[in-house]
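The values are calculated or read from the model by the stated rules, or taken from the named source; none is laboratory data. As the structure is a computational prediction, the values presented were derived from the model and not from experiment. Using ideal geometry, Cβ is built from the backbone for each residue, glycine included, and neighbour counts are taken over all protein chains shown.
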């Protein structure tokens, strides 16, 4: 199956702020980010990103995922956390054995369940908000923190 990058650049980077705008060509992050909307990211240098659950990040697709390009994904697991998915409503996951508070999930989204995964040091677990459309860690496993190239600013 051919998987296309989820973002296409639609502007130049702002050198002073490290910000760049991208057009989102699909519904993978709905309802938080609508299809065909534009998001602004703040650049993150390798080694500078401190992951936090709930962050929306721009990810340079790791070679181990078998593709190239950029993806827009939400951090749902940070190093040391154990993630399992998705028996909850709308694809809700469990973090460290407890249902995660995920008010951003698309209604009716589901993904295949998977066994618990402990997120290794130096990696993050990433998923789309519209879980039924997933091309994320549920299929490919955790991604290196250093593959995060930007943080999305909403609002």
Original post:
When residues of region 37-65 are filtered for being touching a residue at least 60 places away in the same chain (Cβ under 8 Å), more than 12 Å from residue 143 (Cβ to Cβ) and in contact with a helix residue (DSSP H, G or I) (Cβ under 9 Å, 6 or more places away or on another chain), how many remain?
Top reply: 2
**OP:** Among residues belonging to region 74-103 that are in a loop (DSSP other than H, G, I, E, B) and on the phi > 0 side of the Ramachandran plot, point out the one that is surrounded by the most Cβ atoms within 10 Å (Cβ to Cβ).
**Re:** 96
**OP:** Could you please let me know if residue 71 is surrounded by 19 or more Cβ atoms within 10 Å (Cβ to Cβ) and modelled with pLDDT of 90 or more?
**Re:** yes
**OP:** Any residue in region 137-149 that's on the phi > 0 side of the Ramachandran plot: show its pairings with residues that are in a strand (DSSP E or B) at Cβ separation under 8 Å, as long as the two are six or more apart or on different chains.
**Re:** 141/117
Original post:
Checking residue 57 against (1) under 27 Å from residue 119 (Cα atoms); (2) surrounded by fewer than 16 Cβ atoms within 10 Å (Cβ to Cβ); (3) modelled with pLDDT of 85 or more, which single condition isn't satisfied?
Top reply: (2)
